[in-house]
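Report on the structure given below.
A short reminder: the numbers here are calculations on the coordinates, not readings from a lab. Computed from a predicted model, the values in this text were never measured in an experiment. Every residue, glycine among them, receives a Cβ derived from its backbone with ideal geometry; neighbour counts consider all protein chains shown.
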């Protein structure tokens, strides 16, 4: 088997179980991999603040030589917060995305490095939920007030069935050459700058570290994990992964409630 030097792991539905807990089995497997010289990198749609709880549990937080790929690849940084790469959305794209939200009657928010900005006075419960998960406060801002606020990514957020119907609208075809759109949770549909995804973020980090893609293992469950699974020498889909992610994986492990990350790591060790 290829010598794996770096293991890239998504958080939600992958690293943690359905209760958002890091199980002892997964923690133990990761610690064993670290002792074997494997670098562990969290690759997530969350900002760094939303990953720190788990980085703390794994002993990876606040370090200059440990890394996280955050915001779906729009930011690559050390766990101490030193940014290696950052590419956000410009104001015009924010305006275009927000206009689509109004036309389709979807809740919408923009995420900066340190705050969530919602375009809806009537806050979506999923905005409140997202705020609690990623540890960022929420502010209401009109589109005009967003002009000088650097936005890393945007999110359409709504009830899963309603969101699925709306994101199939042909209007999204008109912007696919200017932004990357990906489903990250049943209730989230996210937009990042063109050319930005977890695969690109992981590639930038590996180049920084001098690690070739064949020496990388990536583990994930949602459609936004598919680019990093395709990039890695060994791409692993969780048992609970969506079908498009499973279709591009080299290996399918157990689901997140049965320690799928630990099973995958034990396979390469």
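Counting only helical runs of four or more DSSP H residues, what would the 222 nm mean residue ellipticity of the chain come to if each run contributes -39,500 (n - 2.57) and the total is spread over all its residues?
Numbers: 9 runs with 86 residues, N = 269.
Calculated from helices alone, the mean residue ellipticity at 222 nm is -9000 deg cm²/dmol.
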Looking only at the chain, where both bridge partners belong to it, what percent of the DSSP beta bridges are antiparallel (to the nearest 5)? 60 percent
Could you state the number of Å between the C-alpha centres of the range 25-69 and the range 239-260? 20 Å
On Cα atoms only, tilt of 91-104 relative to the major axis of the chain in degrees: 70 degrees
Order of 56, 225, 64 under a 10 Å beta carbon neighbour criterion, fewest first: 64, 56, 225
Just order 213-223, 102-112 by mean Cβ neighbour count inside 10 Å, highest at the front, would you? 213-223, 102-112
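Please report, to one decimal in angstroms, the Kirkwood hydrodynamic radius of the range 37-155 built from all distinct Cα-Cα pairs. Mind showing how you got there, number by number?
Values: mean 1/r = 0.0666 Å⁻¹.
Here the Kirkwood hydrodynamic radius works out to 15.0 Å.
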How far is helix 24-35 tilted off the main Cα axis of the chain, in degrees rounded to 10, range 0 to 90? 70 degrees
Debye intensity ratio I(q)/I(0), log10, the range 125-253, q values 0.17, 0.19 Å⁻¹ (C-alpha model): -1.07, -1.23
How far is helix 48-58 tilted off the main Cα axis of the chain, in degrees rounded to 10, range 0 to 90? 20 degrees
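Could you estimate the translational diffusion coefficient of the range 1-92 from the Stokes-Einstein equation, with Rh from the Kirkwood formula over C-alpha pairs, at 20 °C and 1.002 mPa s, in whole µm²/s?
On the way: Rh = 13.7 Å.
Answer, rounded: 156 µm²/s.
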For the range 205-258 (alpha-carbon point model, no solvent) the Debye-based log₁₀ I(q)/I(0) at q = 0.22 Å⁻¹ works out to -0.71
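Please express the shape of the range 91-193 as an equivalent ellipsoid: the semi-axes are the square roots of 5 times the eigenvalues of the C-alpha gyration tensor, given largest first in whole angstrom.
Numbers: eigenvalues 71, 54, 30 Å².
Ellipsoid semi-axes (Å, largest first): 19, 16, 12.
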Fraction of beta bridges assigned by DSSP in the range 91-193 that are antiparallel (%, nearest 5): 85 percent
